[in-house]
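Here the structure is laid out as structure tokens; the discussion comes afterwards.
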Amino acid sequence: MKKATRKEIQEIHKRFVERYSDAVTELKYKNAYELVIAVALSAQCTDKRVNIIAPPLFEKYPSTKELAVAELDDVKKLINSCSFFNNKAKNIIKMAQRVEEVYGGEIPMDEKELQTLAGVGQKTAHVVMIEYLGANLMAVDTHVFRVAHRLGLSDDKTAIATEATLVKKFKNDLHALHQGMVLFGRYICTAKNPKCDECFLTDLCKSKEGFKV
Ligand code: SF4
């Protein structure tokens, strides 16, 4: 796979920011608590599904105070159409307990502190901070990974290495680039049959020869 040149990287950066500077997550949430839970549930699960299962969960447990004392089986029942629901149920209760005990019920909006919560790794922490604060951070999900590789921005084998490469190459506007690459990968540069005829990056793409355009 050919690599994008410095000039091409600048152009890709410009076009994404032009189109996606106001883009936000498709997860529905009303506050930091709901956002962290929604992002945690969305791992290996679609945003669409999370948007279906989360409202009844938030209705029953409107804050960490209620979720911290929830019965595990009750939480499992509410989220059992989501992948890995057993672990996710355990983690979100533990997360709520720690937020109650250590942070007085307020979600700590800090990269390191967020990662002390059960089930919250670097990617989840970054997604939360990008969405909630517009933080200059990158997070690599399956869409960002695919798009970065098709555009010749990264040939890394892992999401974490791809994240580091994108941060180094793009440097700023990372929140818009992250949101943009997720939406672009979800709706245009899809895994199967990408919509290359609707794409605004065809002249910069390193993969399109492999697809039916
Ligand atoms: S031309 Fe096609 S494969 Fe290339 S970035 Fe655009 S949608 Fe993706």
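Every residue, every condition in (1) in a loop (DSSP other than H, G, I, E, B); (2) modelled with pLDDT under 95; (3) touching a helix residue (DSSP H, G or I) at 6+ places or on another chain (Cβ under 8 Å), yes or no:
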{"site": "2", "(1), (2), (3)": "yes, yes, no"}
{"site": "50", "(1), (2), (3)": "no, no, yes"}
{"site": "56", "(1), (2), (3)": "no, no, yes"}
{"site": "77", "(1), (2), (3)": "no, no, no"}
Apart from one, (1) outside any loop (DSSP other than H, G, I, E, B); (2) within 13 Å of the ligand (Cβ to nearest atom); (3) under 26 Å from residue 24 (Cβ atoms) all hold for residue 153; the odd one out is (1)
In the set 30, 90, the lone residue that is assigned to a loop (DSSP other than H, G, I, E, B), open to solvent by 60 Å² or more (accessible area, probe 1.4 Å) and of a type in the set (Lys, Arg) is 30
What number goes with the only condition from (1) within 11 Å of the ligand (Cβ to nearest atom); (2) touching a residue at least 60 places away in the same chain (Cβ under 8 Å) that residue 193 does not pass?
-> (2)
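Only one residue in 120, 140, 127 is on the phi < 0 side of the Ramachandran plot and not in a loop (DSSP other than H, G, I, E, B), so which one is that?
127
The values are calculated or read from the model by the stated rules, or taken from the named source; none is laboratory data. On a predicted model such as this, the values are computed, not experimentally measured, just so you know. Here the Cβ is made from the backbone with ideal geometry for all residues, glycine too, and neighbour counts use every protein chain on show. For accessibility, only protein heavy atoms count, side chains too; no ligands or nucleic acids. Shrake-Rupley method; radii C 1.70, N 1.55, O 1.52, S 1.80 Å.
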